[in-house]
1. Could you pull out the residue among Arg155, Arg181, Arg161 that is charged (D, E, K, R), free of Cβ contacts under 8 Å to residues at least 40 places away in the same chain and surrounded by fewer than 20 Cβ atoms within 10 Å (Cβ to Cβ)?
2. Select, from Arg385, Arg406, Arg371, the only residue that is over 27 Å from the mean Cα position of the chain (by Cα) and of a type in the set (Lys, Arg).
3. Of all residues in the range 411-428 being in a loop (DSSP other than H, G, I, E, B) and of a type outside the set (A, V, I, L, M), which is most open to solvent (accessible area, probe 1.4 Å)?
4. Looking for whichever is surrounded by fewer than 22 Cβ atoms within 10 Å (Cβ to Cβ) and in contact (Cβ under 8 Å) with a residue 24 or more places away in the chain here; the options are Arg87, Arg80. Which one fits?
5. Say whether the condition of being basic (Lys, Arg), farther than 21 Å from Thr417 by Cβ and in contact with a Gly (Cβ under 9 Å, 6 or more places away or on another chain) is met by at least one residue in the range 194-201.
6. Quick check: is even one residue across the range 126-147 touching a residue at least 40 places away in the same chain (Cβ under 8 Å), closer than 21 Å to Leu13 by Cα and not aromatic (Phe, Trp, Tyr)?
7. Hey, any hits in the range 268-280 for a residue that's in contact with a strand residue (DSSP E or B) (Cβ under 7 Å, 6 or more places away or on another chain) and under 30 Å from Glu409 (Cα atoms)?
8. I want to confirm something. Restricting to the range 26-57 and keeping residues that are in a loop (DSSP other than H, G, I, E, B) and in contact with a helix residue (DSSP H, G or I) (Cβ under 7 Å, 6 or more places away or on another chain), which single residue is most open to solvent (accessible area, probe 1.4 Å)?
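The values are calculated or read from the model by the stated rules, or taken from the named source; none is laboratory data. Source: prediction; values computed, not measured. Positions of Cβ are generated from backbone atoms using ideal geometry, with glycine treated the same way; all protein chains shown enter the neighbour counts. To get the accessible areas, we keep the full protein, side chains included, count just its heavy atoms, and leave off ligands, DNA and RNA. Shrake-Rupley method; radii C 1.70, N 1.55, O 1.52, S 1.80 Å.
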Amino acid sequence: MSHAHFIARRERLLQTLGDGVAVVPTAPEVIRNRDAHHPYRFDSYFWYLTGFPEPEAVVVLVGGKRPKSILFCREKHEEREIWDGYRYGPKAAKSAFGFDAAYPIEALDRKLPELLVDRDALWHTLGHDADWDARLGRALNAVRAQARSGKQAPRAVLDLRAELDAMRLVKDDAEAAIQQRAADIASAGHARAMRACRPGLAEYELEAELTYEFRKRGADAHAYTPIVAGGTNACVLHYVENDKLLNDHTLVLIDAGCEVEGYAADITRTFPVNGRFNAAQKEVYEIVLAAQQAAFAAIAPGRHFMEPHDAAVRVLTRGLVDLKLLAGDVDALIERGAYKRFYMHGTGHWLGLDVHDAGSYKTGGQWTTLRPGMTLTVEPGLYIRPAADVPEALAGIGIRIEDDVRVVEGGCDVYTTAPKTVADIEEVMRHD
């Protein structure tokens, strides 16, 4: 994505700030143990506005008649660059990333009160980080201390997230291209895991196949901790141990996605460990797949966010009746939530720079209306935990099918292409 995109976002946000000032820090580095760090990952809001990859950085947007964007970042440091790699430094960052001004990060606490003088409002992700709340409180107090000289501090502190969330909810074509690339890489990873799968492998061996394919194709990282859940482990929604053996005649559920330029793909596939669905597995699988197709059909501009979920729930509930796991009228079962024993989560979420991306699901008590450019997941499932009233053939079957879609005029485009039908999965997994 070009720096022009980030500049345009800053300019768009500046138009909403009035005479206010917005302060957006990036994420801190995090120690893993002793002096080893976790791999660095920037704050999504900061990245959305800047495209600047380094830690210890803050962007300040100053509204008013002469709006400007200011970066505070690490200075050039030859010795640290020997150890840690290249640093832009304020001068190079200003030019490369299109800021109106740039200063060393050490100057922030001194400069910020100057920027807040006689401004209407301070915009900030209020409550997100207590240290930053306190730091900005000190800046406000520094301005208030100058009241006798006629300087005024902002009277309002406003939450910037509502403005940024609305911007991030609708993706432009450049974002869509990155999301498609992430989806293509993640889809290839899932196909690789299918081809590698055999009874007797460990779950982590399939995780390794995913990691290899993601990195080989240029993904930056996993977008989240992958789930590789064999057998009844698939009935644990957030299973991440990935350390059990894969047994013959069972299924394995893989929920994994990669990240490209900050944007996440999020895919789930469920397939037989030995490459062939048995009758019970196939019956449940086809119900979940039909539920996903019904959800796809309910996605279009003007529809609301929960319509895909409602469509999936109807198909799943009817399927549970056919499986004799539920009994009664489908409408009545849905009304009282009987399906939630076997399907206890929603059918999707926003997707973007965060796996569960920014954006409101409800506005004014009403579900958000879908618009072109919105990106979401569609992920129905059934989780049939062993129990006295569950037939043995169905006990322990956990299935989820998840794809990433973009709302377009007339419906939705599906980004993700990993094998999904019973026939396609079995063909990919043939071990001739």
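1. Arg155
2. Working: Arg406 fails: over 27 Å from the mean Cα position of the chain (by Cα); Arg371 fails: over 27 Å from the mean Cα position of the chain (by Cα).
Going through Arg385, Arg406, Arg371 in turn, the sole match is Arg385.
3. Top of the filtered list is Thr417.
4. On the way: Arg80 fails: in contact (Cβ under 8 Å) with a residue 24 or more places away in the chain.
One residue alone meets the criteria, Arg87.
5. First, pick out the residues of the range 194-201 that are basic (Lys, Arg): 195, 198.
Still in the running and farther than 21 Å from Thr417 by Cβ: 198.
Remaining after also requiring in contact with a Gly (Cβ under 9 Å, 6 or more places away or on another chain): 198.
Yes, there is a match, as at least one residue in the range 194-201 is basic (Lys, Arg), farther than 21 Å from Thr417 by Cβ and in contact with a Gly (Cβ under 9 Å, 6 or more places away or on another chain).
6. Yes: one or more hits.
7. Checked against the condition, which is being in contact with a strand residue (DSSP E or B) (Cβ under 7 Å, 6 or more places away or on another chain) and under 30 Å from Glu409 (Cα atoms), the range 268-280 yields at least one hit.
8. Going residue by residue through the range 26-57, those that are in a loop (DSSP other than H, G, I, E, B) are 26-30, 34-35, 38-43, 51-57.
Within this subset, residues satisfying the condition of being in contact with a helix residue (DSSP H, G or I) (Cβ under 7 Å, 6 or more places away or on another chain) are 26, 51-52, 56-57.
Values: Thr26: 16, Gly51: 7, Phe52: 0, Glu56: 91, Ala57: 4 Å².
Looking at residues that are in a loop (DSSP other than H, G, I, E, B) and in contact with a helix residue (DSSP H, G or I) (Cβ under 7 Å, 6 or more places away or on another chain), I get Glu56.
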